[in-house]
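The values are calculated or read from the model by the stated rules, or taken from the named source; none is laboratory data. This is a predicted model, so every value here is computed, not measured. Positions of Cβ are backbone-derived with ideal geometry, glycine not excepted, and every protein chain shown enters the neighbour counts.
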Amino acid sequence: MTNKKNWFQKVVYFYIDGFKSMKLGRTLWLIILLKLFFMFFVLRMFFFPNYLKSNFKTDKERSEYILESLTK
């Protein structure tokens, strides 16, 4: 148990020390995180509307539609 914890701590401290000394790396990680946020939250709202909530009023209707779709 202590061997695994020690290994995990070494890996964590390796990355923490690496990120502390980076200047360009922080900027690149910020860009990556902004792109991920944009892809998963902003695009999802516009291109992937909630089909079930917009076409069915109750949970029962939604579940029946899903069950029917899966069993075809």
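Side notes on the structure shown:
- Residue count, the range 1-10 (criterion: surrounded by 10 or more Cβ atoms within 10 Å (Cβ to Cβ) and of a type in the set (A, V, I, L, M)): 0
- Only one entry of L52, L70, L34, L30 meets the criterion of being surrounded by fewer than 10 Cβ atoms within 10 Å (Cβ to Cβ) and aliphatic (A, V, I, L, M), and that entry is L70.
- Which listed residue, of K60, K20, is in a helix (DSSP H, G or I), modelled with pLDDT of 90 or more and either exposed (fewer than 10 other Cβ atoms within 10 Å of the Cβ) or touching an Asp or Glu at 6+ places or on another chain (Cβ under 8 Å) (or both): K60
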